[in-house]
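The values are calculated or read from the model by the stated rules, or taken from the named source; none is laboratory data. All of these numbers come straight from a predicted model, not from anything done at the bench. Please note: Cβ atoms are built from the backbone with ideal geometry, for glycine as well, and neighbour counts cover all protein chains shown. Protein only, heavy atoms only, side chains kept; ligands, DNA and RNA dropped before computing areas. Shrake-Rupley method; radii C 1.70, N 1.55, O 1.52, S 1.80 Å.
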Amino acid sequence: MSLTETIRFALRGVAANKLRSALTMLGILIGVAAVILLVAVGNGSAQAITNRIEALGTNTLTITGANRTAGSGGLTVEVADALADPVLAPDVRSVSPLASVSTTLTYEGTDHEVGQFVGTRPSWFAAANSPLTDGAAFTADDEAQARRVLVVGRTVADELFPGTDPVGKQVRAGGALFTVVGVLAAKGSTGFQDANDIAVAPLSAVREVLTGYGALSSILVEAAAPDRVDAAQAQVSAILARRLPATGSGSAAYRIQNAAQLLQTQTETADTFTVLLGAVAAISLLVGGIGITNIMLVTVTERTREIGIRKALGARRRAVLTQFLIEATLLSLLGGALGVVTAVVGSQFTIVGIRPVIVPSSVVLALGVSVVIGLFFGGLPAARAARLRPIDALRYE
Amino acid sequence: MDPASTPRRPVLDVRALTKVYGEGAAAVHALRGVSLTVQAGDYVAIMGSSGSGKSTLMHILGCLDVPTGGRYLLDGVDVGQLADRQLALVRNRLIGFVFQAFNLIPRTSAVANVELPLAYGGVRGPARRRRALAALDAVGLADRADHHPNQLSGGQQQRVAVARALVTEPALVLADEPTGNLDSRSTDDILAVFDLLNAAGRTIVLITHEPEVGAQARRLIRLRDGQVHSDERQDQPGRHTAGVGR
């Protein structure tokens, strides 16, 4: 009997038992899709964290006040300027003091509550890794003159100026008018906080209009190079220790966060998360595998009688075995492929705030394991039944 | 010409066949040395009470089971010497087997069921379909070719099974209680088909425990306790009228 004939028999066998075939494929589908999706969610959250930290810039230090009750721990513009010392801190490229506030922007009756309204210096754009797509950043001169100019993030631009060019428009913030001069390039969304929901203005203007002349929110220090971050951190610490001596209780009034360290800690957390999800995925693959095993065993056992009939009619062992192997392959492959499709479609949606990112190796692994299980447990009982004498297969109950 | 009156080479030649199930004290001797020959064109009925070994004999004759001892020559070939794939060839080419329980493949059309032995025998495409339809026509079911087994009555299913057994034009048609699951009307239908087949020269061996079925055959063999108890030719004045009457 030719191979095409056997394939036709296998197709007929699959089509003749539609419900059973559908259930088998469903089991494989769920197993494969679960593994791919869970791993994709884990991977997606890890990537979100990495993106968020890379968005900060990896060669930066962030200095924040540690003691919330005492303003921002005495971080002033003077302290910030002291850090930009080419002698004491040669590895610091730039220092950007930040005054950050949450406020409402109004443009022609449209309101938008902007998550971060940041007052800073022009050096921030390079340090925070935030280039512009439209217009231009404000200049040091704008900062010196406290001009009310504004650079908005993608989200703000879309909310306030849908379909129009924001550059040159005037928006109201905190009772004053700001002229939009530029739009920031869209950043990869992190899932947790919209990095594009931001407006950036000169520090002097923001302090004048919104935050007042109190302590800064934070200071962003850019190191000369990624491998000079640790040196810059030491130099900055030394200056700060002198400028802002520790209080009586011994705790520093500020905290220095190293983006690289932050990246490492967060990546470790994300890796733990991925491992956890991977374990859950492995269990679902195991359960799915047992499901496939079960239905394949039942199918072949139930069809032992059919194998007996076929052998009594003169089917060779190889013809019977090939037919059942092709049936098992077909069901496993079709179910697996549908599972991959389901996972790919599912990964287009945001799951618990995380955009899943499919890991190709998980697709190969899930598909491979399901197909191997399907083939093995579809083929093994079929091989056993095909070896029986026809009369024993016919009598099998 | 009456095939029974002009013996040709034997289709079946069984010598001192034994079959033992189980081992030691629990051993059951189903066959205790059965010897018989069947000439081509003969129509043999094997009767016996349950436990007489007739089903075991039938399964061995159909190459579905292997004997414990003795020789079995089918069309001159010693079946005991054959390997698995040659046995498959024998089942496919030389034997047409009709089961008591029909044993059609479920959810598969009648014509596809009849095509099955041809497919395993390597017959392809239009020739296969034509022969399968001709076999169905021979049992009077040409109009039911596309029906599935569950859409057919028991008698119709058994006639499909008979068509499947004879589609390869085997040297030997074996029927294991072919009418055991059928009502009297369907029984008559099946027996008429066998009469026609035999009249066309086919060799038929069937087992039954219904005397009126046994009475249709030319030769009646009775088994008792795994041995041939009696073996007689019989005249059946009613046989051909029964066959022609339908």
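A compact table of results
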| item | result |
| --- | --- |
| Additional length obtainable on full extension of the chain from A:Ala140 to A:Glu268, 0.36 nm per residue less Cα span | 42.2 nm |
| Where A meets B: accessible area buried, both sides, 1.4 Å probe, Å² | 2500 Å² |
| Chain A: angle of helix A:317-346 to the longest principal axis, Cα-based, in degrees nearest 10 | 20 degrees |
| Distance between the stretch B:169-228 and the stretch B:41-97 - C-alpha centres, whole angstrom | 16 Å |
| Förster radius 35 Å - calculated FRET efficiency between B:Leu89 and A:Leu297 (Cβ-Cβ, nearest 0.05) | 0.70 |
| Euclidean distance between Cα centres, the stretch A:251-292 to the stretch A:124-158, Å | 35 Å |
| Given charges at beta-carbon only (K, R positive; D, E negative), |dipole| of the protein assembly as shown in Debye | 2840 debye |
| Spacing of the two label points (7 Å from each Cα toward its C-beta) at A:Arg255 and B:Arg185, in nm | 9.2 nm |
| Convex hull of chain B built on C-alpha atoms - directionally averaged projected area, nm² | 13.6 nm² |
| For the protein assembly as shown: rounded, prolate or oblate by the Cα gyration tensor [a/c cutoff 1.5] | prolate |
| Within the stretch A:67-252: Cβ-based charge dipole about Cα centre, in debye rounded to nearest 20 (Lys, Arg +1; Asp, Glu -1) | 400 debye |
| Nearest-0.05 FRET efficiency for A:Leu276 and A:Leu19, computed from C-beta distance (R0 60 Å) | 0.95 |
| Rough spin-label spacing in nm, given labels placed 7 Å along Cα→Cβ, for A:Arg395 and A:Val87 | 10.6 nm |
| Among B:Ile46, B:Ala161, B:Pro178 - extreme Cα towards positive end, dipole of chain B, charges at beta-carbon | B:Ala161 |
| At R0 = 35 Å, FRET efficiency that the Cβ-Cβ distance of A:Thr329 and A:Phe349 yields, to 0.05 | 0.65 |
| In nm, spacing of pseudo-spin labels at A:Arg243 and A:Val341 (7 Å Cα→C-beta vector) | 6.2 nm |
| Counting all C-alpha pairs of the stretch B:1-139, share separated by more than 24 Å (%) | 44 percent |
| Accessible area in square angstrom per residue, the protein assembly as shown, 1.4 angstrom probe | 44 Å² |
| Among beta bridges that DSSP assigns inside the stretch A:67-252, antiparallel share in %, nearest 5 | 75 percent |
| Dipole-positive endmost among A:Gly278, A:Ala128, A:Gln264 within chain A (Cβ charges, Cα centre) | A:Gly278 |
| Under 16 Å from B:Lys19, Cα to Cα: lysines that are on another chain or at least 8 residues apart | B:Lys54 |
| Aspartates and glutamates whose Cα lies under 18 Å from that of A:Lys187, excluding same-chain neighbours fewer than 8 positions away | A:Glu54, A:Asp134, A:Asp158, A:Glu159, A:Asp197 |
| MRE, 222 nm, helices only [DSSP H, n ≥ 4, -39500 (n - 2.57), over chain B, to nearest 500] | -10000 deg cm²/dmol |
| Carbon plus sulfur fraction of accessible area for the protein assembly as shown, probe 1.4 Å, in percent | 57 percent |
| Local electrostatic count, B:Cys63, Cβ distance below 15 Å [Lys/Arg +1, Asp/Glu -1] | +3 |
| DSSP beta bridge pairing in chain B, given as percent antiparallel to the nearest 5 | 55 percent |
| Dipole moment magnitude, nearest 20 debye, chain B about Cα centre, only Lys, Arg, Asp, Glu C-beta charged | 600 debye |
| Sorted peptide list for A:218-225, B:54-61, A:87-94, B:80-87, criterion being average Cβ within 10 angstrom, highest first | B:54-61, A:218-225, A:87-94, B:80-87 |
| Interface residues in the stretch B:53-71 - accessible area drops by 10 Å² or more relative to the isolated chain, probe 1.4 Å | B:His59, B:Leu64, B:Asp65, B:Val66 |
| Theoretical ellipticity at 222 nm over chain A - DSSP helices of four or more residues, -39500 (n - 2.57) apiece, nearest 500 | -18000 deg cm²/dmol |
| Percentage, to the nearest whole number, of Cα pairs in the stretch A:281-358 over 15 Å apart | 70 percent |
| Within 10 Å of each Cβ in B:84-93, the average number of Cβ atoms from other chains | 5 |
| Exposed-site-free run, longest, chain A (rule: chymotrypsin sites (Phe, Trp or Tyr not before Pro); DSSP loop; at most 11 other C-beta within 10 Å) | A:1-212 |
| Lys/Arg +1, Asp/Glu -1 at C-beta; the protein assembly as shown dipole; positive extreme among A:Ala46, A:Phe376, A:Ala140 | A:Phe376 |
| The protein assembly as shown: antiparallel DSSP beta bridges as a percent of all, rounded to 5 | 70 percent |
